[in-house]
Amino acid sequence: MAHEQRRARRVAVSLPALIEAIGQPDVALHPTVQAVYQRVEADRAAVGRTGPGIVRDLSTNGAFIAGEPLPLLSRVRVGFDLPHFGAVEAIGWVLWVRTRDCEIADALGDPVPLPRGIGILFESLAIEARVHIAKLAR
């Protein structure tokens, strides 16, 4: 397997989650600023779509959620229960998508299943939840 390049330590988990595509709020800007302003826009194709997922990989910065993929750059709300912490609600952005299940080989040549799903970057997550996740990932 390739060398790990992620900055935040992560922990393998299996936590049922509820995912909702929420879009992003419009921003009213002064006309002078509007003329020179560029912004990444969330994909709105799936706004309002809600479904189950399984948080499989969790860090203080984001998560991989196995389940029905959402479009790249969807803005999502994710809710799950974190053991020894309680309910967590996060807002994030879909930065990558695995469109279907696949397998890769580990260092011994054994198959490792990789489920379809989404990789999200957290935009908003309570600091207490981030601290708890950091402790789990140590």
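The numbers here are math on the coordinates, done by the rules we state, and not lab data. Just so we're clear, the structure is a prediction, and the values are computed from it rather than from any experiment. Glycine gets a Cβ as well: all are built from the backbone with ideal geometry, and neighbour counts include every protein chain shown.
One table, with the values for the structure above:
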| item | result |
| --- | --- |
| Equivalent-ellipsoid semi-axes of the range 7-54, from the Cα gyration tensor, Å, largest first | 33, 17, 7 |
| Positive-end residue, the range 10-137 charge dipole about Cα centroid, Cβ charges, pick of HIS132, PRO115, PRO25 | PRO25 |
| Rel. contact order, % - alpha carbon contacts under 8 angstrom, at least six apart, the chain | 26 percent |
| The range 36-54-the range 62-138 distance, computed between alpha-carbon centres (Å) | 16 Å |
| Descending semi-axes in Å of the range 10-137, equivalent ellipsoid built from Cα gyration tensor | 29, 19, 14 |
| Degrees separating the helix 127-137 axis from the principal Cα axis of the chain, which is the longest one | 20 degrees |
